[in-house]
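Structure record follows, encoded as structure tokens.
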Amino acid sequence: NVFAFGMVFLLLPIALLLMLAFATEWRFPDVLPAAYTLDHAKLAFSGGRGIMSPLILSLGIGALVSITCVALALFVSRMIALHPKRNLLLFIAYLPFVLSPVIYAACVNYYFVLFGWSGTFMGICIAQSILIFPYNVILFQSHWNNSMEAYGQLSATLGAGKWQTWRYVWLPMSKQMVLIALFQSFIVSWFEFGLTNFIGAGKVQTLTIRVYQYIGEANIYLAAFSSLILILPPLVLLWINKKFVLRNY
């Protein structure tokens with residue numbers, strides 16, 4: 001059936017990465033590798049050219065950017081939803097997506113160099129936030145519907161202040177949506193390559209950039225193992241999202 005075909009279609013690339021990541025060699029026309037080894041895994045996690053530092057850096061950037069952007073976007077999106085010029089503000093939020101990330105990075109890179117942000121951790125976080133923050137603002141627009149407003153007005157009639165309404169009404173009601181936004185924002189940051197590579201100026205080595213370097217060096221076995229590590233956090237987040245978040249949404 002269609003579901004089975006889709007699962008096979010999705011799992012075949014992962015199976016190929018698994019074989020390449022642990023193969024000693026794989027030559028045409030062999031159907032499967034002749035032998036397997038853990039040497040590629042040991043090499044990937046050791047030395048200056050390994051993936052440990054890029055892995056930690058990518059996790060740090062993804063966590064910081066996603067948490068910050070989602071938290072700010074939750075409050076800003078409500079302000080925009082109630083603003084009389086809501087359509088204009090949403091139009092501005094869509095503007096970063098008119099250009100590809102690489103072209104957008106080339107346009108704003110002058111300011112990053114001017115302020116000393118180019119090639120720095122903070123610069124990468126700011127650059128990714130330029131895309132991820134408006135994405136979350138747009139995502140949260142449908143969240144601030146009439147039902148949310150009605151609960152807010154009801155709490156106000158019972159004597160709750162603005163921050164009490166946020167703490168005891170809107171934030172608990174937004175929990176599921178916030179988790180979904182966090183997962184999606186982390187995945188966008190985690191896989192981001194063009195903008196990160198341009199603004200990072202080769203000094204900020206995220207895991208995605210390191211994988212591309214292995215591919216450029218034709219080091220297929222290290223590239224395959226690093227790709228497995230690269231897809232692992234998103235797979236875990238997608239499983240958590242499917243298992244615990246979407247079920248109750």
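The values are calculated or read from the model by the stated rules, or taken from the named source; none is laboratory data. Not measured: the values here are computed from a predicted model. We place every Cβ from the backbone using ideal geometry, glycine too, and count neighbours over all the protein chains shown. Ligands, DNA and RNA are excluded from the accessible area calculation, which covers all protein heavy atoms including side chains. Shrake-Rupley method; radii C 1.70, N 1.55, O 1.52, S 1.80 Å.
Points worth noting:
- From the list Ala63, Ala71, the one residue that fits, being under 24 Å from Val211 (Cβ atoms) and out of contact with any Lys or Arg (no Cβ under 6 Å at 6 or more places or on another chain), is Ala63.
- Among the residues of segment 11-28, those that are loosely packed, with under 14 Cβ neighbours inside 10 Å and in a loop (DSSP other than H, G, I, E, B) comprise Thr24, Glu25, Arg27, Phe28.
- Residue in segment 40-54 that is charged (D, E, K, R), at pLDDT below 85, within 27 Å of the chain's Cα centre (by Cα) and open to solvent by 100 Å² or more (accessible area, probe 1.4 Å) present: yes
- Single condition Leu222 does not satisfy, out of (1) crowded, with 16+ Cβ neighbours inside 10 Å; (2) hydrophobic (A, V, I, L, M, F, W, C); (3) within 13 Å of the chain's Cα centre (by Cα): (3)
- Filter result for Gly161 (open to solvent by less than 50 Å² (accessible area, probe 1.4 Å) and within 16 Å of the chain's Cα centre (by Cα)): no
- Lys203 falls short on exactly one of the conditions (1) at pLDDT 90 or above; (2) under 18 Å from Met122 (Cα atoms), and that condition is (1).
- Within segment 115-155, the set of residues being of a type in the set (Gly, Ala, Ser), surrounded by 15 or more Cβ atoms within 10 Å (Cβ to Cβ) and over 23 Å from Ser189 (Cα atoms) comprises Gly152, Ser155.
- Segment 83-109, residues that are in a helix (DSSP H, G or I), open to solvent by 50 Å² or more (accessible area, probe 1.4 Å) and at pLDDT below 90: Leu95, Phe97, Pro101, Val102, Ile103, Ala106, Cys107
Every residue, every condition in (1) open to solvent by less than 50 Å² (accessible area, probe 1.4 Å); (2) out of contact with any His (no Cβ under 9 Å at 6 or more places or on another chain); (3) in a loop (DSSP other than H, G, I, E, B), yes or no:
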site: Asp30; (1), (2), (3): no, yes, yes
site: Ile56; (1), (2), (3): no, yes, no
site: Ala63; (1), (2), (3): yes, yes, no
site: Ile67; (1), (2), (3): no, yes, no
site: Val76; (1), (2), (3): yes, yes, no
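- Residues in segment 164-203 that are surrounded by 20 or more Cβ atoms within 10 Å (Cβ to Cβ) and outside any helix (DSSP H, G or I): Glu192 only.
- Residue in segment 12-27 that is within 26 Å of the chain's Cα centre (by Cα) and of a type in the set (D, E, K, R) present: no
- Annotation note: Cβ proximity below 6 Å between a residue of segment 143-171 that is under 19 Å from Ala81 (Cα atoms) and at pLDDT 90 or above and a residue that is open to solvent by 50 Å² or more (accessible area, probe 1.4 Å) and in a helix (DSSP H, G or I) (sequence gap 6+ or interchain) occurs for Val169/Tyr151.
- Just one of (1) out of contact with any Leu (no Cβ under 6 Å at 6 or more places or on another chain); (2) within 30 Å of Leu99 (Cα to Cα) fails for Ala218. It is (2).
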